[in-house]
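Got a structure for you, written out below as structure tokens; questions coming shortly.
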Amino acid sequence: MPNEKSPALPSHARIVIVGGGAIGCSIAYHLGKLAIRDVVLLEKRTITAGSTWHAAGLLGQMRSKVNLTRLMQYSAKLCATIGAETGQDVGWRQTGSLRLAGSDARLEELKRAVTAARSYGFDMELIGPGEARDRFPLLDIAGVRGATWIATDGHVDPYALTMAYAKGARAGGVRIVEGVTVTGFGRAGRRIATVETDRGVIACETVVNAAGLWARHVGEMAGLELPITAVEHQYLVTEKSPKVPDRLPSLRDPDNNFYLKPEPGALAIGGWEDN
């Protein structure tokens, strides 16, 4: 059923975004900021109803490519300012982050990353095990060779951030229609000319596939085979304890395949499966 808060489905749009998660709403927000009008976002259920609402929300800026690092730096700055802009608190916490090295090979990898960061003009520090424990007092440093420290990393509430994107997108003139399912596409030669839904057809110039878990399926509707698959990932949140200090940084241990994200008085713990 259509969401009562959603506008009617238009018959035409310049750009149609499929998917109302963090990515789709971010695209909508930024198109609105660029004053690109006649944009519609379609969400089959409600905003954030896919994988966004239970994402861990970690924001680490350093990447293997300078352009990706710049993008993440921009993301951190946006998380710090979009709440005031939209009136929607996004839960941004600049707590810093640690990445541990549990082997000599990993330590060399971190050293190379620090060198690369310096070439980007990005502030990333190589520290010893003792300093890592100073920053994360719960850490057992047995076997830890060293770590990297990024003071400007942090974490955000993905649900709240997406709601801020959506609020900003609407303010920029984007129409967001919830409760509408895309069922197919119509073509004009090699170009997609219409988006078919369970509530009607929208003529369009451009379609953006931001369907997340269902992006591959949406691609198949357009005759495209996208190299996308969904991978199950689990995390747990501990009970609250006075033993968990305030303002802990996030921590990643790639050698032992897990990460820790601070929660108020607790920890969110997630892991990566070998297979």
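The values are calculated or read from the model by the stated rules, or taken from the named source; none is laboratory data. The structure presented is a predicted model; accordingly, all values stated were derived computationally and were not measured. Cβ coordinates were reconstructed from backbone atoms using ideal geometry, including for glycine residues, and neighbour counts include every protein chain displayed. The area values use the complete protein model at the heavy-atom level, side chains included, leaving out ligands, DNA and RNA. Shrake-Rupley method; radii C 1.70, N 1.55, O 1.52, S 1.80 Å.
Taking only segment 28-57 into account, find how many residues are open to solvent by 50 Å² or more (accessible area, probe 1.4 Å) and of a type in the set (A, V, I, L, M).
Selection size over segment 28-57: 2.
Here's something else I'd like to know. Please work out which one of (1) free of Cβ contacts under 8 Å to residues at least 12 places away in the same chain; (2) surrounded by 16 or more Cβ atoms within 10 Å (Cβ to Cβ); (3) assigned to a loop (DSSP other than H, G, I, E, B) is the condition GLY219 fails and give its number.
(3)
Does segment 17-31 include one or more residues that are touching a residue at least 40 places away in the same chain (Cβ under 8 Å) and touching a Cys at 6+ places or on another chain (Cβ under 8 Å)?
In the first step, residues of segment 17-31 are kept if they are touching a residue at least 40 places away in the same chain (Cβ under 8 Å); the result is 17-29, 31.
When the remaining residues are screened for being touching a Cys at 6+ places or on another chain (Cβ under 8 Å), the result is none.
Looking for residues that are touching a residue at least 40 places away in the same chain (Cβ under 8 Å) and touching a Cys at 6+ places or on another chain (Cβ under 8 Å), one finds none in segment 17-31, hence no.
Of the numbered conditions (1) open to solvent by 40 Å² or more (accessible area, probe 1.4 Å); (2) touching an Asp or Glu at 6+ places or on another chain (Cβ under 8 Å); (3) under 21 Å from LEU9 (Cβ atoms), GLU196 satisfies every one except a single condition; which is it?
(2)
Which one is most open to solvent (accessible area, probe 1.4 Å), of the residues in segment 245-254 that are of a type outside the set (Lys, Arg) and touching a residue at least 60 places away in the same chain (Cβ under 8 Å)?
Initial filter on segment 245-254 (of a type outside the set (Lys, Arg)): 245-246, 248-251, 253-254.
Those left that are additionally touching a residue at least 60 places away in the same chain (Cβ under 8 Å): 245, 248-251, 253-254.
Numbers: PRO245: 48, LEU248: 4, PRO249: 3, SER250: 1, LEU251: 2, ASP253: 14, PRO254: 23 Å².
Only one residue fits best here, namely PRO245.
Hey, another quick one. (1) open to solvent by 30 Å² or more (accessible area, probe 1.4 Å); (2) within 14 Å of MET163 (Cα to Cα); (3) modelled with pLDDT of 95 or more; (4) in a helix (DSSP H, G or I): which one isn't true of CYS25, the others all being true?
(1)
Here is a follow-up. What do you reckon, is LEU126 over 23 Å from GLY57 (Cα atoms), open to solvent by 20 Å² or more (accessible area, probe 1.4 Å) and in contact (Cβ under 8 Å) with a residue 12 or more places away in the chain?
Values: over 23 Å from GLY57 (Cα atoms): yes; open to solvent by 20 Å² or more (accessible area, probe 1.4 Å): yes; in contact (Cβ under 8 Å) with a residue 12 or more places away in the chain: yes.
It is true that LEU126 is over 23 Å from GLY57 (Cα atoms), open to solvent by 20 Å² or more (accessible area, probe 1.4 Å) and in contact (Cβ under 8 Å) with a residue 12 or more places away in the chain.
While we're here: Give the number of residues within segment 225-244 that are open to solvent by less than 60 Å² (accessible area, probe 1.4 Å) and either in contact with a Pro (Cβ under 6 Å, 6 or more places away or on another chain) or of a type in the set (A, V, I, L, M, F, W, C) (or both).
Taking segment 225-244 and keeping what is open to solvent by less than 60 Å² (accessible area, probe 1.4 Å), we get 226, 238, 241, 244.
Still in the running and either in contact with a Pro (Cβ under 6 Å, 6 or more places away or on another chain) or of a type in the set (A, V, I, L, M, F, W, C) (or both): 226, 244.
Residues in segment 225-244 being open to solvent by less than 60 Å² (accessible area, probe 1.4 Å) and either in contact with a Pro (Cβ under 6 Å, 6 or more places away or on another chain) or of a type in the set (A, V, I, L, M, F, W, C) (or both): 2 in total.
Do any strands (runs of 3 or more DSSP E) entirely within segment 92-193 hold 3 or more residues that are of a type outside the set (Ser, Thr, Tyr) and either farther than 27 Å from PRO262 by Cα or at pLDDT below 95 (or both), and if so, which?
Values: elements: 97-101, 125-127, 146-150, 175-178, 182-188.
Correct list: 175-178, 182-188.
Further question on the same structure: Do the conditions hold for ALA203, that is, is it out of contact with any helix residue (DSSP H, G or I) (no Cβ under 9 Å at 6 or more places or on another chain), of a type in the set (A, V, I, L, M) and farther than 30 Å from ASP134 by Cβ?
Working: out of contact with any helix residue (DSSP H, G or I) (no Cβ under 9 Å at 6 or more places or on another chain): yes; of a type in the set (A, V, I, L, M): yes; farther than 30 Å from ASP134 by Cβ: yes.
Against the criterion (out of contact with any helix residue (DSSP H, G or I) (no Cβ under 9 Å at 6 or more places or on another chain), of a type in the set (A, V, I, L, M) and farther than 30 Å from ASP134 by Cβ), ALA203 qualifies.
While we're here: Of the residues that make up segment 47-58, is at least one in a loop (DSSP other than H, G, I, E, B), under 15 Å from the mean Cα position of the chain (by Cα) and free of Cβ contacts under 8 Å to residues at least 60 places away in the same chain? Walk me through it before giving the result.
If we filter segment 47-58 for residues that are in a loop (DSSP other than H, G, I, E, B), which is where we start, we get 47-51, 55-57.
From what is left, the residues that are under 15 Å from the mean Cα position of the chain (by Cα) are 47-51, 55-57.
This time we only want the ones that are free of Cβ contacts under 8 Å to residues at least 60 places away in the same chain, so: 49.
For segment 47-58, residues in a loop (DSSP other than H, G, I, E, B), under 15 Å from the mean Cα position of the chain (by Cα) and free of Cβ contacts under 8 Å to residues at least 60 places away in the same chain: present.
Just wondering, is there one or more residues in segment 35-42 that are more than 30 Å from SER119 (Cβ to Cβ), of a type in the set (A, V, I, L, M), in contact with a helix residue (DSSP H, G or I) (Cβ under 9 Å, 6 or more places away or on another chain) and in a helix (DSSP H, G or I)?
No, because not a single residue in segment 35-42 is more than 30 Å from SER119 (Cβ to Cβ), of a type in the set (A, V, I, L, M), in contact with a helix residue (DSSP H, G or I) (Cβ under 9 Å, 6 or more places away or on another chain) and in a helix (DSSP H, G or I).
Next question. Please find, within segment 28-71, the residue that is modelled with the lowest pLDDT out of those that are among the polar types (S, T, N, Q) and within 19 Å of LEU161 (Cβ to Cβ).
To start, the set of residues in segment 28-71 that are among the polar types (S, T, N, Q) comprises 46, 48, 51-52, 61, 64, 67, 69.
Now drop any that are not within 19 Å of LEU161 (Cβ to Cβ), which leaves 46, 48, 51-52, 61.
On the way: THR46: 96, THR48: 95, SER51: 90, THR52: 94, GLN61: 98.
Across segment 28-71, the extreme among qualifying residues is SER51.
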